[in-house]
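The structure appears right after this line, and notes come after that.
The values are calculated or read from the model by the stated rules, or taken from the named source; none is laboratory data. Quantities reported herein were computed from a predicted structural model and do not represent experimental measurements. Glycine gets a Cβ as well: all are built from the backbone with ideal geometry, and neighbour counts include every protein chain shown. The protein model used for the area step is the full one, side chains on, heavy atoms only, and it has no ligands, DNA or RNA in it. Shrake-Rupley method; radii C 1.70, N 1.55, O 1.52, S 1.80 Å.
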Amino acid sequence: MSSFVGVLVSDPGLQSQFTQVELRSLQTKFVSIKNQNGRVTLADLPPLMAKLKALSQMYNEEEIRGILSDLGSDASNEIDFEGFLKTYLNLQTQANAKLGNSKNSSSFLKATTTTLLHTIIQSEKASYVAHINSYLRDDPFLKQFLPIDPATNALFDVAKDGVLLCKLINVAVPGTVDERAINTKQVLNPWERNENHTLCLNSAKAIGCTVVNIGTQDLVEGRPHLVLGLISQIIKIQLLADLNLRKTPQLVELVEDNNDVEELMGLAPEKVLLKWMNFHLKKAGYKKPVTNFSSDVKDGEAYAYLLNVLAPEHCSTATLDAKDPAERANLVLEHAERMDCKRYLTPEDIVEGSPNLNLAFVAQIFHQRNGLSTDSKKISFAEMMTDDEQISREERCFRLWINSLGITSYVNNIFEDVRNGWILLEVLDKVSPGSVNWKHATKPPIKMPFRKVENCNQVVRIGKHLRFSLVNVAGNDIVQGNKKLILAFLWQLMRFNILQLLKNLRSRSQGKEITDADILKWASKKVKSTGRTSQMESFKDKNLSSGLFFLELLSAVEPRVVNWNLVTKGESDEEKKLNATYIISVARKLGCSIFLLPEDIMEVNQKMILTLTASIMYWSLQQPVEESESSPSPATATTPDASPAPSISGEDESSRGGDFSNLTIDDAASDTAVSSQ
């Protein structure tokens, strides 16, 4: 096992934007430009930045110098390595926007908020405001604030109490937030407002948003670039929600060979949308492939061909005959409106190549009329290719957990994306820093199959070193996409991370390892300390399905967080679901970063029950001793009057690392055996 110690950055959010390979390379380059006094100034950066691969194709040295001068900083000012990294990220973000096609297929979900320039694109803000006005205008609470005027900064003021963002998440993925858990008084105190934002951020992570650089205070203050960045992610998740075979099996028509279906399932939603667009453009006789939502659609021709083939009854020869791109763009939007497509952009946005708004526009066209076949045989085949509900739920949980860690890659489909081993290495490096030997790893795209096997072999070796149960498991099993083995490995990885986080907290006072039995004992003792008689016999205890034990546990660690007037007896399935939904939102509101679904509680999925209990324990152990050890009896919800509860997330704490060699994983054979249960 490598003893390599990685490059550490004090800002976890900034560190999360780079792999160790990238950090080592950039650090070497940064050190190389230090002067005789060991200093680096802003004036030293342009020559180096212009040579970096990510920037060299877009900017020359003078252009970079001009961008840096716009920051208003003195060129003679000294800059440290973290400042250098932030400057690099800022230039890279601008380069991607200029190019209109990020190398990362999920760029809108991975866009960094650690930048030196916080530019608000007014056309995007106006579009998102229109979306909010349209979807939330009838909301009983928010209608008093809507419609929002896009010409002002009212959006950021309305978002300050957290209600709008929570409800927007529910528009994107219905049922994510139990709205009974949202504080919706006319005037919220700081504690209640912080609760709403904590609930918002943890719920945003649970639908796939990347929020590693956003804190509750950023939302309380209504920082425009961060609020707009989060809103952008939420809206796009909504718009792209149906671009998968499970939701739209007709997409199977996009592939000619059944063997290509797995490849289609592994594509990012944006890539599926591009594939769909090119499929119809080819039928319409359009010769140029569209590879992005910016430069390739600026002239409006691709849109004209697409709309003509999808809605010929509304087509007009004037659209293609128009010589002026702005005139053609206007005719395209008029054509789309006749199809009842919402206006997410203006003619200027098309001509200027706004990638976010053009993507939203194409997604809206797809929703209105996808033009795909309803061939029952093809649809049946596509439905057969999708996973059963249990596997799908576990895949979702692990995918969202990985994306919440702040690694460089973004996971769209676990079973496809982990097959080259790179993402698993990134996760291992995150939860166990220094465990990966990056010199023996190959970064995608990987053309040679044996390189994928090498990556996956290293994954298995590290897993065995961490004492995972991996009997008869080889790297090639991951390369082949063995779903059963992949899920089992990911569960053990997630569980290891949970135990490590708890170990790091507990070790400060007691210096002992944390086991499943400790978590179980802690939860029962915590509830008992409040005078309740409920117990959790095991993580498979069927009595947990009512949800009452977890509500009592949440109330034990923070009496004010549960409103007992909203709790049911948990006897019928309907009552159990109400309780389970409330539990998840209350836990997130408290500060727990969890990815389970109500069904996991109702069915007592022991893996998810363990993660829920451990997350509550993790939050509780972070509190001052006098608060976490003495809790009032949870008879009824009380008026909040304490300081804001801190938010927890894997990306912040996992960087602590620590020695993993002595961690014992109890009952690995029975609890984490290679199975998809």
task: Counting only C-alpha contacts under 8 Å and six or more residues apart, can you give the relative contact order of segment 26-66 as a whole percent?
output: 31 percent
- request: Report the full-extension gain for the segment K51 to N37: residue separation times 0.36 nm, less the Cα-Cα distance, to one decimal in nm.
  value: 2.7 nm
Per residue accessible area in Å² of segment 130-191, where ligands, DNA and RNA are left out and the probe is 1.4 Å: 46 Å²
- prompt: So for the pair S538, E62, with labels modelled 7 Å out along Cα→Cβ, what separation do we get in nm?
  reply: 7.4 nm
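Net charge within 11 Å of D477 by Cβ-Cβ distance, Lys/Arg positive one each and Asp/Glu negative one each, not counting D477 itself?
Spelling it out: positives minus negatives among the neighbours equals +3.
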- line: A chain fully extended from E337 to T291 at 0.36 nm per residue, minus the present Cα-Cα distance, gains in nm 14.1 nm
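Would you mind getting me the FRET efficiency between D257 and K283? Use the beta-carbon distance for r and R0 = 22 Å, nearest 0.05.
My answer for the efficiency is 0.75.
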task: At a Cα cut-off below 26 Å, give the lysines reachable from K528, other chains included and same-chain residues fewer than 8 away excluded.
output: K503, K512, K540, K542, K569, K576, K577, K589, K607
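Could you please report the charge total around N133, scoring K, R as +1 and D, E as -1 over all other residues with beta-carbon less than 14 angstrom from its beta-carbon?
Net charge around N133: +3.
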message: So if I take the centroid of the Cα atoms in segment 401-415 and the same for segment 557-629, what is the distance between those two points in Å?
response: 24 Å
task: Determine, from the Cβ-Cβ distance of S529 and E575 and an R0 of 22 Å, the FRET efficiency 1/(1 + (r/R0)^6), rounded to the nearest 0.05.
output: 0.25
- request: Return the FRET efficiency for the residue pair F141, W564: r is the Cβ-Cβ distance, R0 is 25 Å, and the value is rounded to the nearest 0.05.
  value: 0.65
- line: Checked against a 21 Å limit on the C-alpha separation, the offending pairs among K298/K323; K439/K484; K29/K86; K86/K236 are K439/K484; K86/K236
- prompt: Put a dot 7 Å past each Cα toward the Cβ at Q622 and K512; how far apart are the dots in nm?
  reply: 2.4 nm
message: Need one word for segment 279-436: rounded, prolate or oblate. Basis is the Cα gyration tensor (sqrt eigenvalues a ≥ b ≥ c); a/c below 1.5 gives rounded, then a/b vs b/c decides.
response: prolate
Amide H partners (placed H, <5 Å) of T41, local residues excluded: I79
field: Karplus-derived 3J(HN,Hα), 6.51/-1.76/1.60, for each residue of segment 307-314, Hz, glycine and proline x
entry: 5, 5, 7, 7, 9, x, 5, 9
message: Show me the GluC sites (Glu not before Pro) within segment 201-278 that DSSP assigns to loop and that have at most 14 other Cβ atoms within 10 Å of their Cβ.
response: E221, E256
